[in-house]
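Just below is one structure, and these are the notes that go with it.
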Amino acid sequence: MINNKGVSETVGFIIIFGIVITGISLVTLLGYPALLNQQQEANIRNMEKNFIVLQVNANNLAYKNLPYQETVIQVTDGTLTLLDANSEYRKKFTIADEGGIIIDNFIPGELRYLASNNNIIIGFQNGAIVKWQVGGSTMLGKPRWYYDSVTQSLVINLIQLRSDSPSSFSGIGTVTMEMTSPGSPTIKNYDPPQDITITYSDTEGDYIRAWRNYFNEFSSTGTTTVTIPDIKTLVIKEYTINVKFN
């Protein structure tokens with residue numbers, strides 16, 4: 001004979017309800033933040049791909065003599081801004097030989113993506129794609145600079161970004177690039193060979209580590225100044241690209 005004394009539908013409901021609430025709480029506390037984190041990482045990867053496209057567009061203008069390039073991109077979980085190459089931009093390049101300065105404080109400007117939580121920056125700067133996050137910076141795409149140790153030749157391409165009306169956007173927008181000044185190259189032949197010194201200055205400190213590591217590929221250095229020895233031929237090409245958002 002079954003004894004149903006002590007059996008309560010209310011108690012059973014409370015136990016089941018408690019299990020359900022506990023499960024929902026665990027999903028909310030653990031699963032939802034993980035889902036948001038995955039979504040943010042996907043957005044960052046998407047922006048990295050967008051910047052590769054922008055770098056290719058700029059290279060096409062500079063090296064293939066195309067008149068303009070236009071690309072539709074989606075900016076998610078952040079803002080894309082053009083930092084015009086003016087005196088307010090605090091990142092500069094200086095190039096010198098043993099006789100003195102050749103290029104003094106070249107201002108590149110920048111296309112910059114800033115994540116909405118302000119913990120990641122991706123920039124297209126002087127032909128390179130750089131990324132900053134807490135702990136330092138890295139270079140995702142290198143500029144087109146060439147060093148040939150056999151012929152002792154060094155080619156440096158400098159790309160400056162300008163705009164008639166600097167702006168920013170989120171969501172879907174069009175980035176148009178137009179070559180406004182291809183510039184004539186500066187060519188120097190040295191006999192005997194000379195040392196060439198390149199300095200990157202960044203008072204904001206965003207991309208110091210990225211450029212320092214890149215300079216290490218030419219000559220070991222622990223700073224953002226690199227000296228490349230025994231150069232016979234130095235070629236410096238300057239390009240100015242106008243950028244618009246639509």
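Some points to look at:
- Our estimate of slack between Thr71 and Glu41, defined as 0.36 nm per intervening residue step minus the Cα-Cα distance, is 8.5 nm.
- In a fully extended conformation the segment linking Phe169 and Lys64 would gain 35.0 nm over its present Cα-Cα distance, using 0.36 nm per residue.
- Computed about its Cα centre, the charge dipole of the stretch 33-245 is approximately 380 debye, with only Lys, Arg, Asp and Glu carrying charge at their Cβ.
- Crossing angle, helix 32-63 versus the chain [Cα axis fit, 0-90 degrees, rounded to tens]: 20 degrees
- Each residue in Asp202, Asp191 was given a count of other beta-carbon atoms within 10 angstrom of its own, and listing them fewest first yields Asp191, Asp202.
- A straight chain from Asp195 to Val155 at 0.36 nm per residue would run longer than the Cα-Cα distance by 13.0 nm.
- Here's the picture: charge each Lys and Arg Cβ at +1 and each Asp and Glu Cβ at -1 in the chain, and of Thr224, Val243, Ile16 the one pushed furthest to the positive end of that dipole is Ile16.
- With neighbour counts taken as other beta-carbon atoms within 10 Å, the residues Trp145, Trp132, Trp211 rank, fewest first, as Trp145, Trp132, Trp211.
- Residue of Ile121, Ile73, Ile102 that the Gaussian network model of the chain assigns the largest fluctuation, springs spanning Cα pairs under 10 Å: Ile102
- Its alpha carbons give the stretch 194-246 an Rg and a Dmax of 14.4, 47 Å.
- The mean sequence distance of close C-alpha pairs (under 8 Å, at least 6 residues apart), as a share of the length of the chain, puts its relative contact order at 22 percent.
- Largest-first ellipsoid semi-axes for the chain, taking √(5λ) over the Cα gyration tensor eigenvalues, angstrom: 53, 21, 14
- Packing here is the average count of other Cβ atoms within 10 Å per residue, and on that basis the peptides 153-160, 42-49, 164-171, highest first, run 153-160, 42-49, 164-171.
Values in this text are rule-based calculations from the coordinates and carry no lab data. Remember, predicted model here, so these are calculated numbers, not experimental data. Counting neighbours? That spans all protein chains shown, and the Cβs are built from the backbone with ideal geometry, glycine included.
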